[in-house]
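Okay, so here's the structure we're looking at.
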Amino acid sequence: MSLIDIRKRSLSIETIYHEGGPPAAAPLRLAAACAVIHNPYAGRYEPDLLPFMAELRSLGTLLATELVETLGRDKVEVYSKAAIVGVNGEMEHGAVWHEAGGWAMREVLGEPKAIVPSAKAVAATGYRLMVPLHYIHAAYVRSHYNSMEIGIQDAPRPNEILFALVMGTGGRVHARLGGLTKDKVSVHDGQR
């Protein structure tokens, strides 16, 4: 029997043309794919979460594929992942997404090396979470440090978990604070 019971999914897309300065040559697109599932461990302690984590890879692949189809695989430059656990769960129920969601995005995007940033919380229904983003090939590309808000008005319910993946097509539209730029990435270690 599957540990994944999806109640609902959502796809949110933001298109940013400018932040008060001149319009960008190409607007920045950020997208978040979310799935709200029943938490199979709500209200009890489960010592072995590894089967849940392994099964969540299929959900990660579903959400990552949806984002790539929405934005275009060759256009994705930033990524992240998030989990909001309903109040009858625990933080570790969201932490399973680190491997499952991160693995899925790397697989779908062709194995970029930069760590996949994340955010997670145990929270009440309707909670909104700011998710950090950065460049998929090198974590220190300052122009690509950004964030996107995720959440669904009626989720997660106390016995649910909201899992999210976020991708975007570039850095901030008016980035001008120096540091490593994406064209100067040379080490290819996921850092610089």
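Some notes on this structure:
- Rough spin-label spacing in nm, given labels placed 7 Å along Cα→Cβ, for A121 and A24: 2.5 nm
- Alpha-carbon centroids, the stretch 115-135 and the stretch 76-94: separation in whole Å: 6 Å
- Environment charge of K113, counting only residues whose C-beta is closer than 10 Å and scoring Lys/Arg +1, Asp/Glu -1: -1
- Most to least packed among 70-81, 171-182 [average Cβ atoms within 10 Å]: 70-81, 171-182
- Fraction of antiparallel bridges per DSSP, the stretch 71-190 only, in percent to nearest 5: 70 percent
- Evaluated at q = 0.20, 0.24 Å⁻¹, a Debye calculation over the C-alpha positions of the stretch 98-192 (equal weights, vacuum) places log10 I(q)/I(0) at -1.00, -1.23.
- Each label point was placed 7 Å from the Cα along the Cα-to-Cβ direction; for E46 and S147 their separation is 3.0 nm.
- Legend: Rg and Dmax of the chain, from Cα coordinates, 16.7, 54 Å.
Each reported figure results from applying straightforward, stated rules to the coordinates on display, with no laboratory input. Source: prediction; values computed, not measured. All Cβ positions, glycine included, derive from the backbone under ideal geometry; neighbour counts span all protein chains shown.
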